[in-house]
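Encoded as structure tokens, the structure appears first; notes follow it.
Since every read-out is calculated from the coordinates, none of them should be taken as a lab result. Worth saying up front: this structure is predicted, and the values here are computed from it rather than measured. Glycine gets a Cβ as well: all are built from the backbone with ideal geometry, and neighbour counts include every protein chain shown.
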2 protein chains.
Amino acid sequence: MNALSPLGMVSELPSDIQTNTARDADERTDYFVERDGMKFAGTHLLVDLWGARNLSDPAHIDAALREAALIAGATILHSHFHHFTPNGGVSGVVVLAESHISIHTWPERDFAAVDIFMCGACDPHRSIPVLQQAFSPERIDLDEQRRGRVY
Amino acid sequence: MNALSPLGMVSELPSDIQTNTARDADERTDYFVERDGMKFAGTHLLVDLWGARNLSDPAHIDAALREAALIAGATILHSHFHHFTPNGGVSGVVVLAESHISIHTWPERDFAAVDIFMCGACDPHRSIPVLQQAFSPERIDLDEQRRGRVY
């Protein structure tokens, strides 16, 4: 693919569909969590990194996101990263049993948008120091969303 | 993988890293967009679907998200879906040149959390009717975030 089609383009790669029993297989369990008097599906952190470094190296980014996932207690199922030219930006995602971590970088602006969406017993806040270590942002804009709030 | 490890587990699958020139290759361009007097990296819709159907079929979900991406004008680079047992939930992501669409479903609660993050000339709002058609939610909670706001 050398150009963006305004109508959208489909990758020749077929989708991967994988069956996985990583979640609790013992019984039909309600996977929503209860915390602070709220019941919800999971915690989603929207993390914008400004004045950041190392935003053009897919291998470094891959390793950082995997470490971020593991330190939060997540289970990594799959990851995929794209490296764009000429600006060197990277887009990618780590699919977790507990949801996902994604990143999109704009090296030309020293900016990256990271999403850390985790359910169950994971704590996505534990991932933040890993991002700080890996990308040395001068500033982080952090927004926490509780997805799927029942009450 | 038959159980969640509290310390996290690493999939035996290596990461895919792909170099791609889908973005404008002619010159070093500022990929941030300007709209409504704001300059920002992209629009991120957080879409919670309640009372939804067809949340256990990975092939159906895959097709729906691909259609959602194309109708918004996005370029599909890769997709990957996991199907969990026994609750039948699906987690997956479509990686786009313009960022990503992700989904996590909880069929036991008729709930799904969808993220549509798009940059450039794409309009993620065009994806919403596709989600309505594919999943017939009784209610949609929609939150729009502008990621990477410069001003």
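Converting phi to 3J(HN,Hα) with the Karplus coefficients 6.51, -1.76 and 1.60 and the offset θ = phi - 60°, the stretch A:39-54 yields 10, 7, 6, x, 9, 10, 9, 9, 10, 9, 9, 10, x, 9, 10, 6 Hz in sequence order, with x at every glycine or proline.
When each of A:43, B:85 is scored by the number of other beta-carbon atoms lying within 10 Å, the sequence from fewest to most is B:85, A:43. In order along the stretch A:107-123, the phi-based Karplus estimate (6.51 cos²θ - 1.76 cosθ + 1.60, θ = phi - 60°) of 3J(HN,Hα) comes to x, 5, 10, 6, 10, 9, 10, 10, 10, 10, 10, 9, 10, x, 8, 6, 10 Hz; Gly and Pro are listed as x.
Take each residue in A:115-128, count the other chain C-beta atoms within 10 Å of its C-beta, and the mean is 2.
For the pair residue A:149 and residue A:53 in one chain, pulling the backbone fully straight at 0.36 nm per residue adds 31.0 nm over the alpha carbon distance.
This ranking places A:67, A:138 by how few other beta-carbon atoms lie within 10 Å of each, fewest first, which gives A:138, A:67. Taking amide H as placed 1.01 Å from N in the peptide plane, the amide H of residue B:18 sits under 5 Å from that of A:81, A:82, A:83, each at least 5 places away or on another chain. Sorting B:47, A:150 from the fewest to the most surrounding beta carbons within 10 angstrom yields A:150, B:47. With a 10 Å cut-off around each Cβ of A:104-114, the average count of Cβ atoms from other chains is 5. Here the stretch B:68-94 and the stretch A:82-126 have alpha carbon centers that stand 16 Å from each other.
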